[in-house]
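Accompanying notes for the structure given below.
The values are calculated or read from the model by the stated rules, or taken from the named source; none is laboratory data. These figures come from a predicted structure and were not determined experimentally. Here the Cβ positions follow ideal geometry from the backbone for every residue, glycine too, while neighbour counts run over all protein chains shown.
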Amino acid sequence: MEETKLIAKAIVCGLSALGAGCGMSGGIGPGIGEGYAVGKALEAMARQPEMRGTLTTTMFMGCAVAETTGLYSLIIALILIFANPLIGQIG
């Protein structure tokens, strides 16, 4: 019985580490999107310098919203690695 619990915990820990690694791939999309947004904002500022304030504000708001996706995936990965609630379920 003890051996079964040990195997179950090993499986849960291994799959949690795999899930955390896959979850961290969620940080790639926001990075690419933010870089694209900044590039387009700079192009727009080069065409219309008088719109600098509006473009900067809008760009920062968009980058902040996109960054939350990466932060959520980081938090979920940290929970899976360090505070896994599934380990306690193994009786």
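Give the residues of region 35-68 that are surrounded by 14 or more Cβ atoms within 10 Å (Cβ to Cβ) and either closer than 30 Å to Cys13 by Cα or in contact with a Gly (Cβ under 7 Å, 6 or more places away or on another chain) (or both), sorted by residue number. Ala37, Ala66, Glu67 - these are the residues of region 35-68 that are surrounded by 14 or more Cβ atoms within 10 Å (Cβ to Cβ) and either closer than 30 Å to Cys13 by Cα or in contact with a Gly (Cβ under 7 Å, 6 or more places away or on another chain) (or both). For region 59-86, filtering for residues that are in contact with a helix residue (DSSP H, G or I) (Cβ under 6 Å, 6 or more places away or on another chain) and part of a helix (DSSP H, G or I) leaves 12. Annotation note: Cβ proximity below 6 Å between a residue of region 21-39 that is under 9 Å from Glu67 (Cβ atoms) and a residue that is surrounded by 16 or more Cβ atoms within 10 Å (Cβ to Cβ) (sequence gap 6+ or interchain) occurs for Pro30/Ala66; Pro30/Gly70; Glu34/Cys63; Glu34/Ala66. Close Cβ contacts (under 7 Å, 6 or more residues apart or on different chains) running from residues in region 61-90 that are at positive phi and in contact (Cβ under 8 Å) with a residue 40 or more places away in the chain to residues that are of a type in the set (Gly, Ala, Ser) and surrounded by 12 or more Cβ atoms within 10 Å (Cβ to Cβ) are absent. Looking only at region 1-57, residues that are closer than 30 Å to Ala77 by Cα and of a type in the set (Ser, Thr, Tyr) come to 4 in all. Listed by first and then second residue, the pairs linking a residue in region 43-57 that is at pLDDT 90 or above and basic (Lys, Arg) to a residue that is surrounded by 12 or more Cβ atoms within 10 Å (Cβ to Cβ) and part of a helix (DSSP H, G or I), with Cβ atoms under 7 Å apart and 6 or more places separating them unless they lie on different chains, are Arg52/Met45.
Within region 70-91, the only residue that satisfies the criterion of being in contact with a Lys or Arg (Cβ under 9 Å, 6 or more places away or on another chain) and loosely packed, with under 11 Cβ neighbours inside 10 Å is Gly91.
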